[in-house]
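Trainee: Please see the structure below; I have some questions.
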Amino acid sequence: VQLQASGGGLVQAGGSLRLSCAVSGRSFSRCHMAWFRQAPGKEREFVGSISIASTTIYATSVRGRFTISRDNAKATVYLQMNSLKPEDTAVYYCAANWNSVYYGTNGGVYDAWGQGTLVTVSS
C-alpha cells in the first residue's frame, strides 16, 4: 500500500492550495481517508476526514475554509485549503483506514500514512 501526498508549497496568507493524496496497492473505494498536520514543535492534529460514503468531518480550526473530497476513479483524496492563515503552516499527512468503520480524529486507528507535504503560509 502506498499513499503519495503532493501539492504543498509556499503561499501568502489568504491564498489557496489543493493537496492531493494518491492511493495505490489496495482498494481506494473501500477506505476512509483523513488528513492530519503537524506544525513545528507541535503534536500532530486532525484536520478532516472523508468516509467511504463521502461524509466529511472537519476540525473546528479549518471548518468553512478547508474541503475534503475524493475521486474513487482516480484513487485520490483532495484537501482544498482556502483563506489560509500562517497558523496553517505544517506538514500535512494523508491517512487511510480499511479495517474499521472509523473515520474520526484518532490517528492511531488509520492503517497507512503518506509521506507528508509541507505547506508554508507567509504573513
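Derivation of every value follows stated rules applied to the coordinates shown; laboratory data play no part. Just so we're clear, the structure is a prediction, and the values are computed from it rather than from any experiment. Every residue, glycine as well, gets a Cβ built from its backbone with ideal geometry; the counts of neighbours run over all protein chains shown.
Trainee: Would you work out which of Ile50, Cys94, Gly104 lies farthest towards the positive end of the dipole of segment 46-123, given +1 charges on the beta-carbon of Lys and Arg and -1 on that of Asp and Glu, about the Cα centre?
Mentor: Positive-end residue among those listed: Ile50.
Trainee: Can I ask one more? Residue by residue through segment 116-123, what is 3J(HN,Hα) from phi via Karplus (6.51 cos²θ - 1.76 cosθ + 1.60, θ = phi - 60°)? Round to whole Hz and write x for glycine and proline.
Mentor: Once θ is set to phi - 60°, the couplings for segment 116-123 become x, 9, 8, 10, 10, 10, 8, 8 Hz.
Trainee: A further question follows. Give me the percent relative contact order of the chain, please, defined on Cα pairs under 8 angstrom at least 6 residues apart.
Mentor: In percent, rounded to a whole number, it is 36.
Trainee: Sticking with this structure for a sec: Just in segment 4-99: which GluC sites (Glu not before Pro) are loop by DSSP and have at most 12 other Cβ atoms within 10 Å?
Mentor: Here the sparse-neighbourhood loop sites are Glu43.
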